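Working notes, beginning with the structure itself.
The values are calculated or read from the model by the stated rules, or taken from the named source; none is laboratory data. Every value quoted in this text rests on a predicted model; they were computed, and no experiment measured them. With ideal geometry, Cβ positions are generated from the backbone for all residues, glycine too; neighbour counts draw on all protein chains shown. Just so you know, the surface numbers come from the protein's heavy atoms only, side chains and all, with ligands and any DNA or RNA stripped out. Shrake-Rupley method; radii C 1.70, N 1.55, O 1.52, S 1.80 Å.
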Amino acid sequence: MFIQTERTPNPATLKFLPGRTVSANGTVDFPDPETAERSPLASALFALSDVTGVFFGTDFIAVTKAEGSADWAELKPQILSIIMQHFTSGAPLMFDQEEAGDLPEGDDPADADIIAQIRELIDTRVRPAVARDGGDIIYRGFREGVVYLRMQGACSGCPSSTMTLKNGIESLLRHYVPEVTEVRAV
């Protein structure tokens with residue numbers, strides 16, 4: 001098994017590509033060891049003291065390390081070993097099969113057409129680009145012209161995430177959906 005690695009715009013996050021499907025049912029974010037308890041792989045990665053975040057994409061695993069911790073040259077071989085052991089063992093990715101993110105919070109049914117447009121743009125234009133950088137953006141709601149999005153993986157805590165959110169995603173949504181006035185991270 002050969003696992004490739006890629007840098008992300010977030011210097012604290014590295015993307016690991018095992019050459020196979022990681023999470024077939026959607027992305028899964030583990031921002032802390034407690035949330036990782038439902039995944040043997042995420043739990044094993046959090047057992048490394050320098051790991052502060054794990055994110056499963058469709059075909060990658062993004063791992064975030066603590067600020068000021070060991071550099072990637074020291075940490076990467078340990079992570080590669082854990083990922084390789086997991087996939088060669090045949091262990092499940094998740095103990096419970098619910099891999100997809102949370103459902104959006106109560107949107108107004110009167111905004112159904114607007115929400116459908118927003119979700120379509122996010123799913124077809126934003127999420128693929130963000131996944132290339134080791135993260136994901138999840139729709140969390142639309143209220144009074146404001147779109148609420150949750151940033152995950154390498155996007156969470158990335159120095160350029162605010163610029164991406166405001167200059168990229170907000171501009172795109174406002175261009176195609178005039179009812180959108182602002183985009184906020186939650």
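If we scan region 88-101, do we find a residue that is within 30 Å of Pro40 (Cα to Cα), at pLDDT 85 or above and among the polar types (S, T, N, Q)?
yes
Which of the numbered conditions does Pro109 fail, given that it passes all the others? Conditions: (1) buried (at least 19 other Cβ atoms within 10 Å of the Cβ); (2) of a type outside the set (A, V, I, L, M); (3) farther than 25 Å from Glu6 by Cα; (4) at pLDDT below 85.
Among (1) buried (at least 19 other Cβ atoms within 10 Å of the Cβ); (2) of a type outside the set (A, V, I, L, M); (3) farther than 25 Å from Glu6 by Cα; (4) at pLDDT below 85, Pro109 violates only (1).
Show the residue pairs meeting these rules: Cβ distance below 7 Å; 6+ apart or different chains; first residue within region 115-127 and within 21 Å of Glu144 (Cβ to Cβ) and in a helix (DSSP H, G or I); second residue of a type outside the set (A, V, I, L, M, F, W, C) and modelled with pLDDT of 90 or more.
Gln117/Tyr176; Leu121/Tyr176
Applying the selection to region 12-44, what residues are in contact (Cβ under 8 Å) with a residue 60 or more places away in the chain and open to solvent by 70 Å² or more (accessible area, probe 1.4 Å)? Give the derivation first.
The first filter runs over region 12-44 and keeps only residues in contact (Cβ under 8 Å) with a residue 60 or more places away in the chain, leaving 12-16, 18, 20, 22-29, 31.
Matches in region 12-44: Arg20, Ala24, Asn25, Pro31.
Of all residues in region 1-11, which are under 24 Å from Thr88 (Cβ atoms), open to solvent by 80 Å² or more (accessible area, probe 1.4 Å) and either in contact with a Lys or Arg (Cβ under 9 Å, 6 or more places away or on another chain) or in contact (Cβ under 8 Å) with a residue 24 or more places away in the chain (or both)?
Met1, Gln4 - these are the residues of region 1-11 that are under 24 Å from Thr88 (Cβ atoms), open to solvent by 80 Å² or more (accessible area, probe 1.4 Å) and either in contact with a Lys or Arg (Cβ under 9 Å, 6 or more places away or on another chain) or in contact (Cβ under 8 Å) with a residue 24 or more places away in the chain (or both).
Scan region 12-30 and give yes if some residue there is charged (D, E, K, R) and under 12 Å from Gly134 (Cβ atoms), otherwise no. Don't jump to the end; show me each part of the working.
First, pick out the residues of region 12-30 that are charged (D, E, K, R): 15, 20, 29.
Narrowing the set further to residues that are under 12 Å from Gly134 (Cβ atoms) leaves 15, 29.
Checking region 12-30: at least one residue is charged (D, E, K, R) and under 12 Å from Gly134 (Cβ atoms).
Yes/no per residue for (1) surrounded by fewer than 23 Cβ atoms within 10 Å (Cβ to Cβ); (2) free of Cβ contacts under 8 Å to residues at least 40 places away in the same chain; (3) aromatic (Phe, Trp, Tyr); (4) part of a helix (DSSP H, G or I):
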site	(1), (2), (3), (4)
Phe55	no, no, yes, no
Val63	no, no, no, no
Glu67	yes, no, no, no
Gln78	yes, yes, no, yes
Ser81	yes, yes, no, yes
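Name, by its number, the condition in (1) assigned to a loop (DSSP other than H, G, I, E, B); (2) modelled with pLDDT under 90 that does not hold for Pro178.
Here Pro178 clears every test but (2).
Test Thr162 against the stated conditions and say whether it is of a type in the set (Ser, Thr, Tyr), within 27 Å of Thr64 (Cβ to Cβ) and at pLDDT below 85.
Values: of a type in the set (Ser, Thr, Tyr): yes; within 27 Å of Thr64 (Cβ to Cβ): yes; at pLDDT below 85: yes.
Yes, satisfied.
When you scan region 142-157, how many residues do you find that are at positive phi and either surrounded by fewer than 24 Cβ atoms within 10 Å (Cβ to Cβ) or at pLDDT 90 or above (or both)?
If we filter region 142-157 for residues that are at positive phi, which is where we start, we get 144-145, 153, 157.
The next check asks that each one be either surrounded by fewer than 24 Cβ atoms within 10 Å (Cβ to Cβ) or at pLDDT 90 or above (or both); those that pass are 144-145, 157.
Residues meeting the conditions: 3.
Only one residue in Val130, Val177, Val183 is open to solvent by less than 10 Å² (accessible area, probe 1.4 Å), of a type in the set (A, V, I, L, M) and under 28 Å from Thr64 (Cα atoms), so which one is that? Write out each step before concluding.
Values: Val130 fails: open to solvent by less than 10 Å² (accessible area, probe 1.4 Å); Val177 fails: under 28 Å from Thr64 (Cα atoms).
Val183 is the lone residue from the list that is open to solvent by less than 10 Å² (accessible area, probe 1.4 Å), of a type in the set (A, V, I, L, M) and under 28 Å from Thr64 (Cα atoms).
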